[in-house]
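What follows is a single structure, written as structure tokens, with notes after it.
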Amino acid sequence: MRIVALENGPYLIETGGRYRVNGEEREGQRLALCRCGHSEKKPFCDGSHGRLGFQAPKVEIELG
């Protein structure tokens, strides 16, 4: 699994294809989680960071 905190943007999680949200199985290679705290779709990103001028550095984390 890999997590990338985009510069001035959300956390991108590379899922490997499947993941669960509140017990519900979903499919997708990647999901974006809110990092700015202003999303109306928490925990997911809705693009609010762009409208608000959110600033934060890029960080990459690899989980083995």
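What follows draws every value from the coordinates through simple rules; no lab data is involved. None of these values were measured; they are calculated from a predicted model. Positions of Cβ are backbone-derived with ideal geometry, glycine not excepted, and every protein chain shown enters the neighbour counts.
Couplings 3J(HN,Hα) for segment 22-32, derived from phi with the Karplus relation 6.51 cos²θ - 1.76 cosθ + 1.60 (θ = phi - 60°), are 6, x, 8, 6, 10, 10, x, 6, 8, 9, 10 Hz, where x marks Gly and Pro.
Kindly provide the helix-only [θ] at 222 nm of the chain, computed as the sum of -39,500 (n - 2.57) over DSSP H runs of four or more divided by all residues, to the nearest 500 deg cm²/dmol?
It lands at -1500 deg cm²/dmol.
Taking 8 Å as the Cα distance limit and 6 or more residues as the minimum spacing, I'd like the relative contact order of the chain as a percentage. Rounded, it is 40 percent for the chain. Put a plus charge on the Cβ of each Lys and Arg, a minus charge on the Cβ of each Asp and Glu, and nothing anywhere else: the dipole of the chain about its Cα centre is then about 100 debye.
Choose one of Thr15, Leu33, Val59: the residue whose Cα lies farthest towards the positive end of the charge dipole of the chain (beta-carbon charges +1 Lys, Arg; -1 Asp, Glu; about the Cα centre). With unit charges placed on the Cβ atoms, the residue in question is Leu33.
For Glu40, neighbours were defined as the other residues whose beta-carbon sits under 15 Å from its Cβ, and their charges (Lys and Arg +1, Asp and Glu -1) total +3. Peptide packing for 22-30, 6-14, 36-44 was compared via the average number of neighbouring C-beta atoms within 10 Å per residue; ordered from the highest value, the list is 6-14, 36-44, 22-30. For Val21, neighbours were defined as the other residues whose beta-carbon sits under 15 Å from its Cβ, and their charges (Lys and Arg +1, Asp and Glu -1) total +3. Grab the other residues whose beta carbon is less than 15 angstrom from that of Val4, score K and R as +1, D and E as -1, and report the net. Here the count lands on 0.
Near Arg35, the amide H atoms lying under 5 Å from its own belong to Tyr11; only residues 5 or more places off or on other chains count, and H is placed 1.01 Å from N. Label the chain by shape, choosing from rounded, prolate and oblate, from the square roots a ≥ b ≥ c of the eigenvalues of the Cα gyration tensor; if a/c is under 1.5 it is rounded, and otherwise prolate applies when a/b is larger than b/c, oblate when it is not. Note, shape of the chain comes out oblate.
Applied to segment 11-20, the Karplus parametrisation 6.51 cos²θ - 1.76 cosθ + 1.60 on θ = phi - 60° returns per-residue 3J(HN,Hα) values of 7, 9, 10, 8, 8, x, x, 9, 7, 10 Hz, with x for Gly and Pro.
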